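S.K.: Sharing a structure with you now.
FYI, it's all coordinate maths here, none of it is from the lab. Values in this document were obtained by computation on a predicted structure and should not be read as measured data. Using ideal geometry, Cβ is built from the backbone for each residue, glycine included, and neighbour counts are taken over all protein chains shown.
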Amino acid sequence: MLPYLFGLGGLLFVLCSGLEREAAASDRAALQGVASCLLFGVLVNHVLALLLPGIGASLCAGAALSVVGILALTAAKRALVARLFPAAWLVPFLVLYGACLYLVAGEPVSGWDARSIWFLHGKMLFYHGSVDAGGQWRLPSLVFSHTDYPLLVPILAAQIATVAGYWNEYLPKLSLVALLWPALLLLLSILGAKWRHALFLCVPLLFLGTWLTNGYMDGYLALYAGLGCFYLGRWLDRGRRLDLVTGLLSAGIVLDLKNEGMLYVLILSALLCLFLLVSRLGLTHLKGGMWRGGAIIVAVMASGWMLWERKKHLFQLHNDLRLGPESVERVLQRLSDGSLAVVLKYLYVVDNVNLSLGVFLLALVVTARHKERPRRGALFCAAVALIYFAGIVTIYLATPFDLVTFHLPTGDRTMLPVHIMLLAASFSLFDSAEATSALS
């Protein structure tokens, strides 16, 4: 699956000329380039599956484009391919890939949401051979399954089962490797030779724990939300085109994983525009082809989202939270009856958001003691995390279901992105400080 996705992602370097120079600048940049290729391939594959009439057709079209991408890379950018895949990396890559396979496919799909939402949807796509699933999305018996959720992982699971020729409870979980392996490469690219930062990079994986292996999407949503913030924040600080590309691709993954991705991308986009306007970086940071590269990625992101929104409209699929104008009255009512204090107690205290915020504030104090000003990247990550937290709290207040029995028990999952984004903000403080000292 990974060579297929890399070939599709190779079109990124073909379409965004000049990006290969940044990807070939160092080993860390090369790891980031490989991960970005895979993520772009995942998003293009998602668009093909939603656009074409069947899973088999999308695989054939994707395979043809993948071959074109690999041939184009090897013919026109042979030096880049050699830089991205040096012989010395073969064994570490295989070990890392084997570790991903063991972690993800070592046990069957077992969690309720995993079996009843993501992989049930994938099974429907596999047996019907198309995203339309034979029109069964509207069956009353599937109301419990959140049929309006995005299909990024179900599509990958159905494609893997289609190639294998059968469905079981282990094989479709390989779709998670397509998300876990690029994320690990990105974490390694951030780490580089600075092994003293290993703690910062191990914390997200240890923090997410089983959420990366049990078939739920919450762990991957949190991981890519943190990576998107970090790389876009680093682009604000350094202006590297590859960071912009990686950040946008990570945001695209979040958008197509769960409905919370829409809230995340909305906040991310608004704050990115605000930071660019306030710091007057628009013209200096978006020159030299950045408009073109960013536009290509945003077009792919928007295409997948709009295609699925169109299908939801055709099948009349609606979210069970029933958010709308009537939600304002519900929020005002719950603000007056003390529900806000209950929600904040659970999410901020019980689910330990206060600890992650404390880590960020402690990192701020450390940088202040070294007489260093926090740079834009760290502030950007923290702002996205806090506004996302406020958005989730508002959604809890706006929904018609009982808070204590229905929503608050899910706080350990819905707060994962907040934790990881605050950790990304903490690391960005030290990453920015090292960049400043390296330049001085």
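S.K.: Separation of the stretch 164-181 and the stretch 294-342 by C-alpha centroid, Å?
M.R.: Their Cα centres are 29 Å away from one another.
S.K.: Between F13, F315, F144, where does the largest GNM mean-square fluctuation fall for the chain, given springs only between Cα atoms within less than 10 Å?
M.R.: Most flexible of the set in this elastic network: F144.
S.K.: Rg/Rh for the chain to two decimals, with Rh computed the Kirkwood way over all alpha-carbon pairs. Don't skip to the answer; put the middle values down first.
M.R.: Details: Rg = 21.4 Å, Rh = 22.4 Å.
Dividing the radius of gyration by the Kirkwood radius yields 0.95.
S.K.: Which whole-number percent gives the relative contact order of the stretch 322-411, counting Cα pairs below 8 Å spaced six or more residues apart?
M.R.: Numbers: 38 pairs, mean separation 49.7, N = 90.
For the stretch 322-411, the relative contact order is 55 percent.
S.K.: Using a Förster distance of 35 angstrom, determine the FRET efficiency expected from the C-beta separation of L323 and R369, and round it to 0.05. Don't skip to the end; give the middle numbers.
M.R.: Values: r = 44 Å, r/R0 = 1.26.
E between L323 and R369, to the nearest 0.05, is 0.20.
S.K.: While we're on this one: Pick from Y388, Y264, Y102 the residue whose mean-square fluctuation is largest in a GNM of the chain, springs joining Cα atoms under 10 Å.
M.R.: Evaluated over the chain, the most mobile residue of the options is Y102.
S.K.: Let me ask you something else. With an 8 Å cut-off on Cα pairs and a minimum separation of 6 or more residues, tell me the relative contact order of the chain in percent. Intermediate results must be reported in sequence, preceding the final value.
M.R.: On the way: 581 pairs, mean separation 83.0, N = 440.
After rounding, I find 19 percent.
S.K.: So if R0 is 41 Å, what FRET efficiency would T405 and Y127 give, r being the distance between their Cβ atoms, rounded to the nearest 0.05? Present the calculation step by step, with values, prior to reporting the outcome.
M.R.: Numbers: r = 34 Å, r/R0 = 0.84.
After rounding, the FRET efficiency stands at 0.75.
S.K.: Right, something else. Below 8 Å between Cα atoms, with a sequence gap of 6+, how large is the relative contact order for the stretch 13-152 in percent? It would help to have the intermediate numbers written out before the result.
M.R.: Details: 69 pairs, mean separation 38.2, N = 140.
Rounded, it is 27 percent for the stretch 13-152.
S.K.: Indicate the gyration tensor shape class of the stretch 1-121 (rounded, prolate or oblate), computed on the Cα atoms with a ≥ b ≥ c the square roots of the eigenvalues: a/c under 1.5 is rounded; otherwise a/b larger than b/c is prolate and the rest oblate. If you can, show how the numbers build up before the last one.
M.R.: Numbers: a/c = 2.45, a/b = 1.35, b/c = 1.82.
Since a/c reaches 1.5 but b/c is at least a/b, the shape of the stretch 1-121 is classed as oblate.
S.K.: Sequence neighbours fewer than 8 away in the same chain don't count; with that in mind, list the aspartates and glutamates whose C-alpha is under 12 Å from K173.
M.R.: Cross-link targets: E107.
S.K.: Have a look at L355, L50, L186 and tell me which one the Gaussian network model of the chain (Cα, springs below 10 Å) gives the largest fluctuation.
M.R.: Of the options given, L355 has the highest mean-square fluctuation.
S.K.: Under 20 Å Cα-Cα from K311, which aspartates and glutamates qualify once same-chain neighbours fewer than 8 residues away are excluded?
M.R.: Straight-line reach from K311, under 20 Å: D132, D148, D256, E260, D320.
S.K.: Rounded to the nearest 0.05, what FRET efficiency do T394 and V349 give with R0 = 22 Å and r taken as the Cβ-Cβ distance? Could you check? Please report the intermediate quantities before stating the final value.
M.R.: Values: r = 18 Å, r/R0 = 0.83.
That gives a FRET efficiency of 0.75.
S.K.: Quick one: Y127, Y396, fewest Cβ neighbours within 10 Å first, how do they rank?
M.R.: Numbers: Y127 13, Y396 26.
Final ranking by Cβ density, sparse to dense: Y127, Y396.
S.K.: At 7 Å along Cα-to-Cβ for each site, give me the label-to-label distance between R21 and L171 in nm.
M.R.: Taking the simple label geometry, R21 and L171 are separated by 4.7 nm.
S.K.: In deg cm²/dmol, rounded to 500, what helix-only [θ] at 222 nm does the chain give when every DSSP H run of at least 4 residues adds -39500 (n - 2.57) and the total is split over its residues?
M.R.: -23000 deg cm²/dmol
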